[in-house]
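The values are calculated or read from the model by the stated rules, or taken from the named source; none is laboratory data. Remember, predicted model here, so these are calculated numbers, not experimental data. Reconstructed Cβ throughout: ideal geometry from the backbone, glycine too, with neighbour counts over all protein chains shown. Protein only, heavy atoms only, side chains kept; ligands, DNA and RNA dropped before computing areas. Shrake-Rupley method; radii C 1.70, N 1.55, O 1.52, S 1.80 Å.
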Amino acid sequence: MDLTTALDARDATVCVVGAGGKKSTLFALADRLDRPVVTASVRIPIFDDRVAAVRVTADPVAALGEAGPDEWPLGLVPERDRSDRYLGYDTETVAEIADAAPGATLVKADGARLREFKSPGDREPQIPSNADIVAPIASAHVVGEPLTEEHVHRPEEVAAITGREIGDEIRPADVATVLASPAGGLKGVPGDATAIPVVNKADDEADAAAARALAGEILMRANVPRVVLTRLTADDPVVEVVE
């Protein structure tokens with residue numbers, strides 16, 4: 001199964017949340033879809049080199065109508081925040097982009113400060129009401145690491161969801177518990193949307209084994225159709241689909 005099929009991404013509004021592969025998932029999908037839009041409802045690092053064009057605009061719907069045939073995948077952002085990142089639109093504007101887009105709309109909907117695993121903050125995630133797919137992501141590399149800020153964004157919240165202690169070794173069940181939790185990976189998923197968890201960085205057999213264990217734990221805890229195991233740096237990024 002290819003990535004666009006595994007994530008039901010064709011002509012869909014796909015929001016990625018979590019840690020350990022959000023941007024890589026967005027760009028891997030953008031490379032494989034027809035006339036997709038890449039945008040964000042939170043800050044996003046500069047990504048001009050990952051799409052055909054970026055429009056910095058307060059009127060993204062108008063920019064969609066003006067886009068030329070060589071501007072896809074098209075990035076849409078409201079303004080530059082600093083030298084290394086853009087701001088995101090509010091969720092209502094993202095919903096308007098999705099309604100006007102000719103193909104898929106791919107949305108970064110929370111942040112993780114480059115960690116491998118996270119729990120959402122009070123104001124996260126920022127998911128538009130018309131999202132079709134929400135993909136909560138975690139990295140297989142976090143399994144076996146300590147539950148600390150070095151590896152985890154908001155480790156205290158992860159500890160609260162899992163019942164573990166700061167510094168404990170992270171188990172597949174801990175990652176699965178967070179991804180399957182309505183306070184974790186499933187937080188804010190609209191009622192009409194489908195959640196499809198992604199376990200990224202299944203880079204070798206040991207990582208893949210950890211990812212499979214994690215996927216099985218997720219399927220026991222959450223009503224999701226499948227868990228997608230990925231190696232997003234590969235030409236064929238889907239390692240396995242666990243159903």
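Here are a few things to note about the model shown:
- Count of region 159-188 residues which are in contact (Cβ under 8 Å) with a residue 40 or more places away in the chain, closer than 29 Å to residue 131 by Cα and touching an Asp or Glu at 6+ places or on another chain (Cβ under 7 Å): 3
- Matching residues in region 189-225 - criterion: being part of a loop (DSSP other than H, G, I, E, B) and surrounded by 19 or more Cβ atoms within 10 Å (Cβ to Cβ): 189, 193, 196, 197, 201, 202, 222, 224
- Here residue 177 meets each of (1) open to solvent by less than 40 Å² (accessible area, probe 1.4 Å); (2) among the polar types (S, T, N, Q); (3) not in a helix (DSSP H, G or I) with one exception, condition (3).
- Filter result for residue 151 (under 18 Å from the mean Cα position of the chain (by Cα), farther than 14 Å from residue 17 by Cβ and open to solvent by 60 Å² or more (accessible area, probe 1.4 Å)): no
- Only one of 137, 166, 170 that is farther than 27 Å from residue 91 by Cα and touching a Gly at 6+ places or on another chain (Cβ under 7 Å): 170
- Where a residue in region 211-236 is within 15 Å of residue 1 (Cβ to Cβ) and modelled with pLDDT of 95 or more and its partner, wherever it lies, is open to solvent by 30 Å² or more (accessible area, probe 1.4 Å) and assigned to a strand (DSSP E or B), with Cβ under 7 Å and at least six apart: 225/194; 226/241; 228/241; 229/239; 229/240; 230/239; 231/239
- Listed conditions (1) assigned to a helix (DSSP H, G or I); (2) surrounded by fewer than 18 Cβ atoms within 10 Å (Cβ to Cβ); (3) of a type in the set (A, V, I, L, M) are all met by residue 183, apart from (1).
- The lone criterion from (1) touching a His at 6+ places or on another chain (Cβ under 6 Å); (2) open to solvent by less than 10 Å² (accessible area, probe 1.4 Å) left unmet by residue 145 is number (2).
- Any hit, region 23-31, residues being open to solvent by less than 30 Å² (accessible area, probe 1.4 Å), part of a loop (DSSP other than H, G, I, E, B) and touching a strand residue (DSSP E or B) at 6+ places or on another chain (Cβ under 8 Å): no
- Note on region 43-87: residues that are outside any strand (DSSP E or B) and open to solvent by 30 Å² or more (accessible area, probe 1.4 Å) total 21.
- Summed over region 104-134, residues that are over 16 Å from residue 179 (Cβ atoms) and hydroxyl-bearing (Ser, Thr, Tyr) total 2.
- Residue among 122, 90 that alone is out of contact with any strand residue (DSSP E or B) (no Cβ under 7 Å at 6 or more places or on another chain), open to solvent by 10 Å² or more (accessible area, probe 1.4 Å) and at pLDDT below 95: 122
- Residue within region 90-102 that is assigned to a loop (DSSP other than H, G, I, E, B), within 15 Å of the chain's Cα centre (by Cα) and not charged (D, E, K, R) present: no
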